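Inspection log for the structure reproduced underneath, given as structure tokens.
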Amino acid sequence: MKLAKEHEHLKDFRRDLFFKLGALLSQEYDLLVLEDLDVRNLVQKGENKKRRMRLYDSSFSELRAVLEWEFRKREKLVLPVPAYNTSRECFLCGRINQSLTLEDRVFHCPHCGFILDRDLNASLVLLKRAGWVPPAVA
Ligand SMILES: [Zn+2]
């Protein structure tokens, strides 16, 4: 009973955090671009049990639903884009870095030499897929 209560408390706490985050982001930004991940597939394909449980526990689908709800409530745009190869695609040249592993925190493009933080590169790839055209660099 005590453990069940703790779980319930944790669930409420997390949901409350998601709503606060959603409100904050949707007030600040006009567009939410997100990876259209198949969460169930990710959870099942997890490399080991620990990772699988972590993915499951992070409640991706609940977070996404709350964020989408907050953005739409304020009549702002939500744009899910294909998640395929987001981390492995080079933002600059668009080619795929096949040798990138989960442990690599920095993206090094073997084709054009582009180097950037892995998550930042993936975020830029998502923006590009959403239709954003980067300003030309002089
Ligand atoms: Zn490249």
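The values are calculated or read from the model by the stated rules, or taken from the named source; none is laboratory data. Everything quoted here is computed from the prediction, not taken from an experiment. As a convention, Cβ positions derive from the backbone with ideal geometry for all residues, glycine included, and neighbour counts pool all protein chains shown.
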- Output yes when any residue across the stretch 114-128 is assigned to a loop (DSSP other than H, G, I, E, B), within 14 Å of the ligand (Cβ to nearest atom), touching a Lys or Arg at 6+ places or on another chain (Cβ under 7 Å) and outside the structural domain of L24 (by TED's automatic domain parsing), and no when none is. no
- Query: For the stretch 92-113, does any single residue satisfy the condition of being surrounded by fewer than 15 Cβ atoms within 10 Å (Cβ to Cβ), within 21 Å of E68 (Cβ to Cβ) and either more than 16 Å from the ligand (Cβ to nearest atom) or not assigned by TED's automatic domain parsing to the domain that holds A65 (or both)?
  - Reply: no
- May I ask you to list the residues in the stretch 29-57 that are at pLDDT 90 or above and over 18 Å from the mean Cα position of the chain (by Cα)? none
